[in-house]
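Shown next, in structure tokens, is the structure this report addresses.
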Amino acid sequence: MIEALEAGAEAGADALGPAALLASIRSARSAEDAAAAEQLDLAAQWADLHPPESIHTAATFTVAGCEHEEPIAGPGTPLVAEFCIAELGTVLGTTSVSAKKLIGHALELRHRLPRLWAQVHAGRVPAWRARAVAEVTIHSSPALTREAAAFVDSQVAAVTGRIGPAQLDRLVAETIKRYDLATADPATDPEDGYLHVDPRHVTIHDQDVHFAGTVRLEAEVDLADGLDLHQALAHRAATLKALGSVESLDVRRAKALGDLARTQTALDLFQHGHTNRSDDRQALPVAREVVLHAHIDATLSGDTTIFGPTGRLEEGQRLLLLHQLKGWCGDSRTTITVKPVIDLNTEKSAPGYAIPDRIRDHITLRDRTCVFPWCGRPARGCDVDHVTEHDHHADAEGRPQPGPTHTDNLAALCRFHHRLKTHTAWHYRMTAPGVFEWTSPHGHRYRRDRDGTTALDPPALDPPALAPPALDPPDPGAPRIPSPRR
């Protein structure tokens with residue numbers, strides 16, 4: 001049946017002429033823009049349903065760890081009850097961070113950029129353009145007042161949202177000056193005494209890892225700092241060449257930048273690397289400690305250990321090549337710690353509530369990330385949660401412990417989702433080692449395992465008259481939506 005539908009679709013596409021095909025593409029884009037605009041409106045309505053007053057814990061004081069008001073847009077936008085963000089994210093199949101950004105953009109546009117908001121819903125400005133503007137006005141430093149945001153809104157709306165990043169930055173800088181939002185400082189800005197928007201930044205795109213194991217870095221620095229850095233990289237690249245490197249200038253400059261990050265330069269190696277005196281080795285500057293957790297499959301052949309060509313690096317959940325690991329470990333100042341293999345098929349337990357390191361490592365390796373639907377925070381930085389709550393009085397009162405410290409009752413949860421599970425109606429259970437089934441306050445269910453997150457049967461709509469037809473049970477062989485990697 002599916003093959004017949006696909007064949008029909010292909011036949012229909014072949015039947016269209018060039019003009020009709022272009023018209024269909026344009027219609028599909030218009031429908032996509034309309035759906036994105038509607039999603040923004042619905043996200044704002046979701047926020048309306050969850051003001052801070054909707055928090056069921058005491059509203060007159062703050063309880064440590066409980067839900068609190070969440071300001072997610074600029075001054076003048078309504079606050080939102082923090083934990084409502086997670087359920088929206090799971091329904092959309094995205095992270096809580098992405099859901100928070102969606103709600104924040106919707107509120108920023110509706111309350112502080114109303115002209116742009118109206119143009120989005122009139123179909124004159126695509127939602128993605130408006131969201132790009134909202135992202136800038138939300139995170140402007142110093143913060144834009146409602147009046148300042150209204151000025152940006154009027155300027156952007158006048159050109160129907162067609163404004164690039166550089167133009168938008170200049171517009172925000174002008175707005176900050178126009179509305180006197182920064183402290184006058186003639187030394188910083190001698191032209192008119194106002195602090196301009198500071199464009200300096202260093203961004204490492206560690207989510208976009210090349211197959212060769214490299215990442216892209218971009219930066220904007222002071223002119224003097226840039227010239228100094230250029231000179232330092234040129235000097236170290238030349239030193240590496242003098243030491244016998246046959247690599248290209250670009251590669252040597254990249255390696256020199258890594259040397260600077262570790263406070264170990266090629267000159268250090270040249271001056272101290274050819275001596276066995278321990279006092280010279282100690283004279284080298286102390287490098288900043290960077291801990292990487294690498295996992296490489298290995299097999300034993302007699303007395304020889306054979307490593308596979310690829311492995312996994314926990315940091316960023318990325319591919320690791322064996323020759324890279326050898327290069328890192330070949331540095332004379334690298335400390336290598338080899339931990340014993342943990343058999344994830346062997347259950348582990350401990351008396352009491354405290355979780356020993358051997359069990360924590362087991363959970364970290366088994367779960368890899370926070371086990372909340374679509375969350376990708378690395379497990380090594382997460383809390384280890386008792387799935388069934390540990391009863392601290394059970395042993396003293398002679399009752400069976402409902403929540404033992406056992407690998408079958410433990411899971412990795414980031415701090416936000418740990419609090420969510422503790423203080424809201426979200427609950428989950430472990431159906432198999434490393435496999436979890438979550439249920440949201442509104443009855444949505446999700447399965448989370450090492451392969452990602454699968455949305456299970458949705459709840460019936462309320463009122464019952466709007467309930468959708470019964471759905472077939474989920475196909476175990478159906479493709480899964482992978483969890484985002486961090």
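Here is how the numbers come out for the structure above:
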{"read-out": "Long-range neighbours under 8 Å by Cβ, at least six apart or interchain, first residue in contact (Cβ under 8 Å) with a residue 60 or more places away in the chain within segment 414-443, second among the acidic types (Asp, Glu) and in a strand (DSSP E or B)", "value": "Gly434/Asp449; Phe436/Asp449"}
{"read-out": "Residues (touching a Ser or Thr at 6+ places or on another chain (Cβ under 9 Å), surrounded by fewer than 15 Cβ atoms within 10 Å (Cβ to Cβ) and within 21 Å of Arg366 (Cβ to Cβ)) located in segment 297-316", "value": "Asp297, Ala298, Gly308"}
{"read-out": "Residues of segment 31-54 classified as in contact with a Leu (Cβ under 8 Å, 6 or more places away or on another chain) and either touching a residue at least 40 places away in the same chain (Cβ under 8 Å) or not assigned by TED's automatic domain parsing to the domain that holds Glu135 (or both), total", "value": "6"}
{"read-out": "Complete set of residues in segment 75-116 that are touching a residue at least 60 places away in the same chain (Cβ under 8 Å) and over 16 Å from the mean Cα position of the chain (by Cα)", "value": "Pro75, Gly76, Phe83, Glu87, Val91, Ile103, His105, Ala106, Leu107, Leu109, Arg110"}
{"read-out": "Test: residue in segment 466-480 that is modelled with pLDDT of 90 or more and either part of a strand (DSSP E or B) or over 16 Å from Cys375 (Cβ atoms) (or both)", "value": "no"}
{"read-out": "Flag for Thr364 being of a type in the set (Val, Ile, Thr) and within 25 Å of Leu88 (Cα to Cα)", "value": "no"}
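Listed here are the residues, each with its yes/no results for (1) under 29 Å from Pro433 (Cβ atoms); (2) modelled with pLDDT under 70; (3) among the hydroxyl-bearing types (Ser, Thr, Tyr).
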{"residue": "Gly308", "(1), (2), (3)": "yes, no, no"}
{"residue": "Gly311", "(1), (2), (3)": "yes, no, no"}
{"residue": "Gly316", "(1), (2), (3)": "yes, yes, no"}
{"residue": "Leu320", "(1), (2), (3)": "yes, no, no"}
{"residue": "Lys326", "(1), (2), (3)": "no, no, no"}
{"residue": "Cys329", "(1), (2), (3)": "no, no, no"}
{"residue": "Arg333", "(1), (2), (3)": "no, yes, no"}
{"residue": "Lys339", "(1), (2), (3)": "yes, no, no"}
{"residue": "Thr346", "(1), (2), (3)": "yes, no, yes"}
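The values are calculated or read from the model by the stated rules, or taken from the named source; none is laboratory data. Predicted, not measured: the structure shown is a model, and the values here were computed from it. FYI the Cβ positions are ideal-geometry reconstructions off the backbone, even for glycines, and counts take in every protein chain you see.
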